[in-house]
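Below is one structure, written out as structure tokens; the observations come after it.
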Amino acid sequence: MYAKVVLPMGIGKTTFFYRIEGWMVTTMLKKDLINKVSEELVLQKQDVSLALDIILETMGEALAENRRVELRGFGSFSTRTRKARNTKNPRTGVMMNIPERKTLHFTMSKSLKESLIHQ
Amino acid sequence: MAKSNLTRKDLADAVADQLGLARTTCSDIVDAFFDSMKSTLTNGEPIKIVHFGTFTLRDKNPRNGRNPRTGESILIKKRQMVSFKPSKKLRERVNE
């Protein structure tokens, strides 16, 4: 979560965006994930960033092929098919056909599920 | 289903093939990514990955459950659940 902070006139008219921790729920973004992993493994950020792109690309490709992505200890991603259906447009009342489509589904792994139980 | 699942090993192989890094380093990278995502979610912080999707946490209230085999009543503790919302780009890709 980013907050807009405007400094008083004396310091300058610049508007800064500060990341505020603990004020609201922060969201981990792609760059935070890359920073964390590159620090942890002492690798170049560039390589880690490329690696993440490859990982996400490979996962997307597999899901597009209807394959299940199973990551032990984290969870799994799978596709589910929604049937085609006829429905009415609520505004105009015109009947229309919604074609069959696929949705993505994420299932938590057992260990992730257990670590989210609060004492 | 004839198609096999995609696992961590496949992801590490893909990274190794495309980046030319050592295979062990690549599997470390893959593990580190999912481990840090897991610890972030465990700390109650949502994750947003552009062009892929967001992982958010949903609170579940404690409730009384029943063991279906013995009929015993037990308290199911307060917990959180991870829900994943795929990004528009990923949804479109899957529906191509």
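Structure notes:
- Residue match in the stretch A:48-55 (condition: of a type in the set (S, T, N, Q), assigned to a helix (DSSP H, G or I), at pLDDT 90 or above and open to solvent by 30 Å² or more (accessible area, probe 1.4 Å)): yes
- Residue within the stretch B:49-61 that is in contact with a helix residue (DSSP H, G or I) (Cβ under 7 Å, 6 or more places away or on another chain) and touching a residue at least 40 places away in the same chain (Cβ under 8 Å) present: no
Conditions tested, residue by residue: (1) part of a strand (DSSP E or B); (2) touching a Phe, Trp or Tyr at 6+ places or on another chain (Cβ under 8 Å); (3) surrounded by fewer than 17 Cβ atoms within 10 Å (Cβ to Cβ); (4) more than 7 Å from every other protein chain (Cβ to nearest Cβ).
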{"position": "B:Lys3", "(1), (2), (3), (4)": "no, no, yes, no"}
{"position": "B:Asp17", "(1), (2), (3), (4)": "no, no, yes, yes"}
{"position": "B:Asp28", "(1), (2), (3), (4)": "no, no, no, no"}
{"position": "B:Ser36", "(1), (2), (3), (4)": "no, no, no, no"}
{"position": "B:Gly44", "(1), (2), (3), (4)": "no, no, yes, yes"}
{"position": "B:Phe55", "(1), (2), (3), (4)": "yes, yes, no, yes"}
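- Scanning the stretch B:57-68 for residues that are within 23 Å of the chain's Cα centre (by Cα) and in a loop (DSSP other than H, G, I, E, B) yields a total of 1.
- The listed residue being touching a helix residue (DSSP H, G or I) at 6+ places or on another chain (Cβ under 7 Å), in a loop (DSSP other than H, G, I, E, B) and open to solvent by less than 80 Å² (accessible area, probe 1.4 Å), out of A:Gly73, A:Gly93: A:Gly73
- Filter result (closer than 24 Å to B:Pro86 by Cα and part of a loop (DSSP other than H, G, I, E, B)) within the stretch A:96-119: A:Pro99, A:Glu100, A:Ser109, A:Leu116
The values are calculated or read from the model by the stated rules, or taken from the named source; none is laboratory data. Treat the numbers as computed from the prediction; the structure is a model and nothing was measured. Reconstructed Cβ throughout: ideal geometry from the backbone, glycine too, with neighbour counts over all protein chains shown. Note: accessible area is taken over every heavy atom of the protein model, side chains too, but ligands, DNA and RNA are not part of it. Shrake-Rupley method; radii C 1.70, N 1.55, O 1.52, S 1.80 Å.
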